[in-house]
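Reviewing the structure listed below.
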Amino acid sequence: MSDKLIIFDTTLRDGEQAPGIALNSDEKLAIAFQLAKLRVDVIEAGFAASSDGDFEAVSRIAKEVKGPVIASLARCVPNDIDRAWDAVRHADRNRIHVFQSTSPIHMERMLRMTPEEVMQSVKEGVARARSYTDNVEFSPQDATRSDPDFMLAVCRAAVEAGATTLNIPDTVGYATPSEYVELLTRVYTEARGANEDVIISTHCHNDLGLAVANSLSAIAAGARQIEGAINGIGERAGNTSTEEIIMAIRTREDQFGVEISADTTEIVETSRLVSRLTGYPVQFNKAVVGRNAFAHESGIHQHGMLRDRETYEIMDPAAVGHVSQIVLGKHSGRAGFADALRKMEIVLEDEDFERAFERFKELADRKGEISEEDLRAIVDYTSSKDSELIHLVSMHVAGGNEVTPQASVKVETRGLTLEYEAEGDGMVHATFAALKKAFGIDARLVDYRVVPVTRGADAMAEINVVVQMGGRAYAGRSVDTDVVGGSARAFVNALNKAAQQVIAETVGEVQA
Ligand code: KIV
Ligand code: ZN
């Protein structure tokens, strides 16, 4: 029997550190439930000490999500470790993941600590984590730019202090596969010392596009845990993509000789959920989950596919959860709509169901056919409305090449209906300006993207915006056939998140 490879997913921690992602605890919980369905082995649910919001999300995931080990990140400082434990202790199986930088540039320039101080902090940090749980991971941050002898000595000390997993981060995505194998071979042979059962793990960033290759190469060096994030999201160019690792192991078992527990049929659903909630679109040609990953364009390829799917496909689309689309039409009634939601395992209570059905009829009239993706967008839209402080009731825009673009928006807040107007460089700009007046907060638009999600002139477009306020970014998203209307809804979505943060901080200050 081959060895087990542990899939450690950090979508909710490292993935969430990507610029512009701001998930609330309900959204994080939804992703964690889906990761459990995908059967990853470890969910790094967040960095509990980094904010009250993260602490709450990690605690809720630890209490409610069953199956995977639930981990929290912590620096080698007592408060971080105590907060991590307070959050993960509710889980059936928990882990504290402590890290400390070992590279000269991080120690000298960032931490301003000597190597001796770094060594001491690791011994104390790991021992403190170990006093809480027998599942402790240690990561020497920026390991691939560290002096290997020092990094290995720190790892040995971490094992002596009780670490059960040694994770070797290529924090800045600098390593090449052969270098990474060489380094991990040394960790495997020289650092486990006091405990032969210590698991060696990879954590690779994608700055040179080598994250997946580096992670997979390390299996030959004895690594038995790979860390990744769904859709490869994360700091800068992102992390190793969890779904690519899973499919590489399943498709090329002959090469890797390790086993994983993942349910591959949940991959596409997980990717879509993460994309929807983070506002990060999936690149069309992204391996495994891109919308073109199983599309065949040229005549020769299509001819081959008609004869035998395997002429041009190494994976079965159904194996990763690309299933045939549920299509509803404008004549579909409540029963058909309810049946489609049931098949997608979506449960809506009475009022939400009615609201979603209303929106479905409205869209079906405009579009004719409604796909599974459209249905998800409808459900998303209707369920986000409840948490809004300010709701967009209606809008009117005017533009063209002979008039100054203008917009007026009608919004509802605490039972009041108010109207605001503004002019802009274009219709979207004018709409955003009117909405900013409605919210009365100083948020700056820093990113705006429109991507078609279905095909044809009546296609649904996914609109993603990111606004920045007080040094934090808030993402908003909507899906619509109307780009101006959809942009307004995405902007409202982001502004609501920013406004909620202002209220949370004000309440916090008043209580303090
Ligand atoms: O990239 C990195 O070094 C990290 C560590 C905190 C594990 O994310
Ligand atoms: Zn990282």
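The values are calculated or read from the model by the stated rules, or taken from the named source; none is laboratory data. Please read these numbers as outputs of a predicted model, since none were measured by experiment. Methodologically, a virtual Cβ is constructed for each residue, glycine included, from the backbone with ideal geometry; neighbour enumeration extends over all protein chains shown. Heads up: the accessible areas ignore ligands, DNA and RNA and are worked out on the full protein's heavy atoms, side chains in. Shrake-Rupley method; radii C 1.70, N 1.55, O 1.52, S 1.80 Å.
Summary of values
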{"read-out": "Cα centroid separation - segment 84-145 against segment 428-452, whole Å", "value": "41 Å"}
{"read-out": "FRET E, pair GLN500, ARG342, Förster distance 45 Å, beta-carbon r, rounded to 0.05", "value": "0.90"}
{"read-out": "Computed E for ASP482/GLN255 - FRET, C-beta separation, R0 60 angstrom, nearest 0.05", "value": "0.80"}
{"read-out": "Segment 228-270: trypsin sites (Lys or Arg not before Pro) falling in loop per DSSP and having at most 16 other Cβ within 10 Å", "value": "ARG236, ARG252"}
{"read-out": "Cα-based shape type of segment 300-349, given that a ≥ b ≥ c are square roots of the gyration tensor eigenvalues and the cut on a/c is 1.5", "value": "oblate"}
{"read-out": "1.4 Å probe accessible area per residue over segment 3-278, in Å²", "value": "36 Å²"}
{"read-out": "C-alpha center-to-center spacing [segment 168-184, segment 211-260] in angstrom", "value": "13 Å"}
{"read-out": "Segment 328-384 shape via C-alpha gyration tensor axes, a/c threshold 1.5", "value": "rounded"}
{"read-out": "Residue-count net charge about ASP14 - beta-carbon cut-off 12 Å; Lys, Arg +1, Asp, Glu -1", "value": "-3"}
{"read-out": "Segment 478-497-segment 28-73 distance, computed between alpha-carbon centres (Å)", "value": "28 Å"}
{"read-out": "Antiparallel bridge percentage (DSSP; both residues within the chain; nearest 5)", "value": "50 percent"}
{"read-out": "Residues GLU354 and SER394, FRET efficiency given R0 of 22 Å [Cβ-Cβ distance, rounded to 0.05]", "value": "0.70"}
{"read-out": "Dipole of the chain, positive end: most advanced residue of TYR312, SER271, ILE70 [Cβ charges, Cα centre]", "value": "SER271"}
{"read-out": "The chain: angle of helix 78-88 to the longest principal axis, Cα-based, in degrees nearest 10", "value": "60 degrees"}
{"read-out": "Nearest-ten-degree value, helix 483-511 long axis tilted from longest Cα axis of the chain", "value": "60 degrees"}
{"read-out": "Spatially proximal lysines relative to LYS410 (Cα-Cα < 25 Å; intrachain offsets below 8 disregarded)", "value": "LYS361, LYS385, LYS436, LYS437, LYS497"}
{"read-out": "Per-selection Rg to Rh, segment 3-278 - Cα, Kirkwood hydrodynamic radius", "value": "0.93"}
{"read-out": "Carbon + sulfur, % of accessible area of the chain - ligands and nucleic acids excluded, 1.4 Å", "value": "49 percent"}
{"read-out": "Segment 109-205: GluC sites (Glu not before Pro) falling in loop per DSSP and having at most 14 other Cβ within 10 Å", "value": "GLU196"}
{"read-out": "Accessible area in square angstrom per residue, segment 352-495, 1.4 angstrom probe", "value": "47 Å²"}
{"read-out": "Those GluC sites (Glu not before Pro) in segment 309-401 that DSSP places in a loop and that have at most 12 other beta carbons within 10 Å", "value": "GLU345, GLU349"}
{"read-out": "q = 0.21 Å⁻¹, segment 391-511: log10 I(q)/I(0) [Debye, one scatterer per Cα]", "value": "-1.21"}
{"read-out": "Degrees, to the nearest 10: 334-343 long Cα axis against longest axis of the chain", "value": "10 degrees"}
{"read-out": "Cα-projected label distance for THR189 with ARG449, points at 7 Å along beta-carbon direction, nm", "value": "4.4 nm"}
{"read-out": "Mean shadow area of the chain over all directions, Cα convex hull, nm²", "value": "27.4 nm²"}
{"read-out": "Approximate spin-label separation GLU160-ASN285, in nm, with each point projected 7 Å along Cα-to-Cβ", "value": "5.2 nm"}
{"read-out": "Ellipsoid equivalent to segment 64-116 - semi-axes via the Cα gyration tensor, in Å", "value": "30, 11, 7"}
{"read-out": "Computed [θ] at 222 nm, helices only, for the chain once each DSSP H run of length n ≥ 4 contributes -39500 (n - 2.57)", "value": "-12500 deg cm²/dmol"}
{"read-out": "Debye equation applied to the C-alpha atoms of segment 177-294, log10 I(q)/I(0) at 0.18, 0.23 Å⁻¹", "value": "-0.95, -1.35"}
